[in-house]
Amino acid sequence: MAKILRPGKPVRGSKSGVPIMVLFDLLGRRWAMGVIWTLCKHGPCTFRELQAHCESISPAVLNTRLKELRQAGLVERKPGGYVAKADGYQLYELLAPLGAWSKGWAARLAKRPGL
């Protein structure tokens, strides 16, 4: 069963549950960012569409992530499928520059001998 994450409650890396650590705990779970990223880039998705976009995600993991992301107020289920909520889109907009930065970082690392 998915553990409900709430700021102020202990999470991995924070006994006091400071909000940033609660967010990092949620986003550090398998496929959490992938689900948010997919919904923000592709729009509403049914469960099967979302699973297809996320390639290797198992139905059990997808169910768990969707439940956690819904409880966190980042995703909701509508008649057309799952969609990112306003906070989910805002989070995506904050993560997108990190995604761009990571591509440059990966390219720089690839040029280093011995890596």
**Asked** Which pairs break 29 Å Cα to Cα here: 15/41; 78/103; 9/67; 9/103; 85/111; 15/67?
**Response** 15/41; 78/103; 9/103; 85/111
**Item:** Long-range amide H partners of residue 18 with built H, under 5 Å
**Value:** 8
**Prompt:** With θ set to phi - 60° and the Karplus curve 6.51 cos²θ - 1.76 cosθ + 1.60, what are the ³J(HN,Hα) couplings of segment 43-49 in order, to the nearest whole Hz, using x for Gly and Pro?
**Reply:** x, x, 9, 6, 4, 5, 5
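Any read-out appearing in this document is the output of simple, stated calculations on the displayed coordinates, not a laboratory observation. Please read all numbers here as calculations on a predicted model, not as lab measurements.
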